[in-house]
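Handing you this structure, nothing more for now.
The values are calculated or read from the model by the stated rules, or taken from the named source; none is laboratory data. What you are looking at is a predicted structure, and each value in this text was computed from that prediction instead of being measured. All Cβ positions, glycine included, derive from the backbone under ideal geometry; neighbour counts span all protein chains shown.
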Amino acid sequence: MKKPKFQCPTGMHDILSGDQEYYQKIFDVARNVVSFYGFQKIDTPIVEQAELFSKGVGLDTDIVEKEMYTLRTKGGDFLALRPEGTTPVVRAYLEHGMFSLPSPVKLWYFGPFFRYEHPQAGRYRQFHHMGLEVFKEKGSIMDVRIMQIFYNILRELKFKNIVININSIGDNKCRTQYKRLLINFLKSRQSGLCANCKKRSKKNPLRVLDCKEEKCQKIISNAPQFIDHLCEECHEHFKGVLEFLDEAGLPYNLDSYLVRGLDYYTKTVFEITEEVRGVSANDEDEERIQKKPLSLVGGGRYDNLVKLLGGKDTPACGAAAGIERIISVMKEKEIKVVSSYSPKVFLAQLGDSAKKKSLRLFEDFRKAKIVASESFNRDSLRDQLKTANKIGVDYTLILGQKEVLEGIIIVREMKTGKQQIVKFDKIIEVMKKKLKK
Ligand code: HAM
C-alpha cells in the first residue's frame, strides 16, 4: 500500500485503542498506589523556559545538549518541550510556595515528555512518564520508599523479576574528589576510549561510566568505584538506604558505575529493571541476556536542585517510570489487561420504530451503568448478531416492529442461543439481575 502523505513524526506514535487500555491500566494502578502513600497529583505545562532545563538538568547533559526540542515564540520567549518532569515540578513547587506546606511535600504526575533521541526500541521522541517527587525529607528512608512504591506498582502490573540497581554518587564535596581520581584514571587510558568518551573524560568524566561501548566498558570495569570514596555523611546515608532496602525485602543490586544522565542527582541514584532471564537460550536470547535490560524506572536524590533553581536548601528525591517501556515488557511477557469498557449487552433493532425505541433504551442502560453496545447503522439481524458475537457480549436484545407493537423485547443468551421474551419496561431490571449472577 502506498504510504499516506502525512505520517506521525519520527519517533512518535499514535496511541490506538488496543494500547489505550495499557496506559489506562498503568495510570489506574499508579493512582491507587500513590494515593495510598499520600501523593497529590500535579500537572505542569508541556513547555517551559528552555533555561529551566539547561540550569536544572545541566548544560553538558545529552538531554540539554542534543535532545531538547526548543522554539522561539512570537513574543520572543525561548521555550522547550519538557524533556523530563523533575525540574518543572521544582519550578512549580517554588512558584506556588509549596515549601510552606507541611513536610514532606509529595507530588506525582503522568504525561508526555519529549527528547530528540535516535529512535530505537524503547527509545522514542515522545514518551510518557509516571513520576514522583518528594520535598523536605532528607532521611534515607524516603529514597527507599520511592523505590518501594515503584516496586509495588510493577508488582501489581504482574512483573516478577524486578531488580533495583543502586549506587551513590555522593555530594558536591566528595564528588569533586572522586572526579579528580577518575580523571587521572582515564588520562592513562585515553587511547582505549571511544571518541565520545575521550572528549567527556576531562569535562564530564562521570558520563564515561555510563558509556555503552564495549571498549569503554572494559576500561570502566577497572575504574575507581564511587562508593569507596564517599564522605562520611554520604556513606552513612547510603548505609541507611541499604539497611532499609534489606528491611523492606526489596531485591537490589549494587551497581558501582550507575551515574544517570542528569546532573542534579546527589547521593542515591537507582534504576529499576525487569530481568529477562530464564528465557530459552538461543542466540538471540543470549545476546539479550548479555545486554543490560533497559531501565523501566530511573530516579534518585537531588538535594541541591531546589536551591539551584532559586529556593532554599531543600532535600528532595524522586523517580519516573517510562510507560512505553513498561507496556513493551507487559506485551513481551503476555501480561494481559482487561478492558474497563467491555460491553455485556448488545442492542439489535429492526425497523424505524424499533430504532427510535432503541435510542431511548440505550440511554436507560447508560443511566443503569450497564455497558451496552449497538450498531444502529445496520438493519439486518444477521449482521447485528455477527457484530454482537465479535464483541463477545453475554446477551443480545432484539427489538423489531412486532416487539414494539406488543411492548416486549427478546433477550438472547449468546452462549446457549436460548431466547426469552421480557416486557419492554422491565428490561433494565431483568438485565441488572442477569448480569449480577
Ligand atoms: P530518566 O531516567 O531520564 O529520568 O527517565 C525515566 C524513565 O523514562 C527511564 O527509566 C525510561 O524508562 C523512560 N525513558 C527515558 N527516555 C525515554 C525515551 N526516549 N523513550 C522511552 N522511554 C524513555 C528522568 O527523567 C528523571 N526526571 C527521573 C526522576 C524523577 N528523578 C528524580 N525524580
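Would you confirm whether or not the range 25-37 contains a residue that is under 23 Å from Arg125 (Cα atoms), at pLDDT 95 or above and hydroxyl-bearing (Ser, Thr, Tyr)?
no
For residues that are acidic (Asp, Glu) and part of a helix (DSSP H, G or I), scanning just the range 44-68, find the one that is nearest to the chain's Cα centre (by Cα).
Narrowing the range 44-68 to residues acidic (Asp, Glu): 48, 51, 60, 62, 65, 67.
Filter once more, so that each one left must be part of a helix (DSSP H, G or I): 51, 62, 65.
On the way: Glu51: 25, Asp62: 21, Glu65: 24 Å.
It comes out as Asp62.
What are the residues in the range 300-332 that are away from the ligand (no atom under 12 Å from the Cβ) and more than 22 Å from Ser103 (Cβ to Cβ), if any? First the steps, then the outcome.
Here is the first cut: in the range 300-332, the residues away from the ligand (no atom under 12 Å from the Cβ) are 304, 306-315, 330-332.
Within the range 300-332, Met330, Lys331, Glu332 qualify.
For residues that are within 19 Å of Arg301 (Cα to Cα) and either of a type in the set (A, V, I, L, M) or not in a helix (DSSP H, G or I) (or both), tally how many sit in the range 69-88.
Initially, the range 69-88 is screened for residues within 19 Å of Arg301 (Cα to Cα), giving 83-88.
Retained after the next criterion (residues that are either of a type in the set (A, V, I, L, M) or not in a helix (DSSP H, G or I) (or both)): 83-85.
Residues meeting the conditions: 3.
Determine whether the range 281-293 contains at least one residue that is within 16 Å of the ligand (Cβ to nearest atom) and either modelled with pLDDT of 95 or more or touching a strand residue (DSSP E or B) at 6+ places or on another chain (Cβ under 8 Å) (or both).
Kept after step one, since they are within 16 Å of the ligand (Cβ to nearest atom), are these residues of the range 281-293: 291-293.
Among the residues that remain, those that are also either modelled with pLDDT of 95 or more or touching a strand residue (DSSP E or B) at 6+ places or on another chain (Cβ under 8 Å) (or both) are: 292-293.
Scanning the range 281-293, I find at least one residue that is within 16 Å of the ligand (Cβ to nearest atom) and either modelled with pLDDT of 95 or more or touching a strand residue (DSSP E or B) at 6+ places or on another chain (Cβ under 8 Å) (or both), so the answer is yes.
Still on this structure: Could you check the range 167-192 and list, in sequence order, the residues that are touching a Lys or Arg at 6+ places or on another chain (Cβ under 7 Å), farther than 29 Å from Phe238 by Cα and not small (Gly, Ala, Ser)? So that I can check it myself, show each step before the final result.
Within the range 167-192, the subset touching a Lys or Arg at 6+ places or on another chain (Cβ under 7 Å) is 168-171, 183, 190, 192.
So of that shortlist, the ones also farther than 29 Å from Phe238 by Cα come out as 190, 192.
Correct list: Gln190 only.
On to the next question. Quick one: Val29 ticks every box in (1) among the hydrophobic types (A, V, I, L, M, F, W, C); (2) within 21 Å of Gly131 (Cα to Cα); (3) in a loop (DSSP other than H, G, I, E, B) bar one, so which box is it?
(3)
Answer with yes or no whether Gly97 is over 18 Å from Ala320 (Cβ atoms) and without any contact (Cβ under 8 Å) to a residue 60 or more places away in the chain. Quick ask: steps written out before the conclusion?
Working: over 18 Å from Ala320 (Cβ atoms): yes; without any contact (Cβ under 8 Å) to a residue 60 or more places away in the chain: yes.
Yes.
I need every pair where a residue in the range 164-186 that is closer than 22 Å to Leu242 by Cβ has its Cβ under 6 Å from the Cβ of a residue that is of a type in the set (Asp, Glu) and surrounded by fewer than 21 Cβ atoms within 10 Å (Cβ to Cβ), sequence separation at least 6 or different chains.
Asn165/Asp255; Asn167/Asp255
Going by the structure shown, is Asn389 part of a loop (DSSP other than H, G, I, E, B) and of a type in the set (S, T, N, Q)? Working first, answer last.
Details: part of a loop (DSSP other than H, G, I, E, B): no; of a type in the set (S, T, N, Q): yes.
Answer is no for this residue.
Determine whether the range 212-220 contains at least one residue that is over 18 Å from Tyr302 (Cβ atoms) and within 25 Å of the chain's Cα centre (by Cα). Before the answer, list the steps.
Taking the range 212-220 as the starting set, the residues that turn out to be over 18 Å from Tyr302 (Cβ atoms) are 212-220.
Filter again for within 25 Å of the chain's Cα centre (by Cα), leaving 212.
Checking the range 212-220: at least one residue is over 18 Å from Tyr302 (Cβ atoms) and within 25 Å of the chain's Cα centre (by Cα).
Which one is farthest from the chain's Cα centre (by Cα), of the residues in the range 114-131 that are in a strand (DSSP E or B) and within 7 Å of the ligand (Cβ to nearest atom)? Give the derivation first.
Here is the first cut: in the range 114-131, the ones in a strand (DSSP E or B) are 114, 120, 123, 126-131.
Okay, now just the ones that are also within 7 Å of the ligand (Cβ to nearest atom), so 123, 127, 129, 131.
Details: Arg123: 13, Phe127: 8, His129: 4, Gly131: 8 Å.
Step by step, filter the range 114-131, then rank; the result is Arg123.
Kindly provide the set of residues from the range 260-280 that are more than 8 Å from the ligand (Cβ to nearest atom), modelled with pLDDT under 95 and crowded, with 21+ Cβ neighbours inside 10 Å, ordered by number.
Result: Asp263, Glu274.
Tell me whether the range 223-238 contains one or more residues that are of a type in the set (Gly, Ala, Ser) and assigned by TED's automatic domain parsing to the domain that holds Ile164. Reasoning before the result, please.
Initially, the range 223-238 is screened for residues of a type in the set (Gly, Ala, Ser), giving 223.
Right, trim to assigned by TED's automatic domain parsing to the domain that holds Ile164 and you get none.
No, because not a single residue in the range 223-238 is of a type in the set (Gly, Ala, Ser) and assigned by TED's automatic domain parsing to the domain that holds Ile164.
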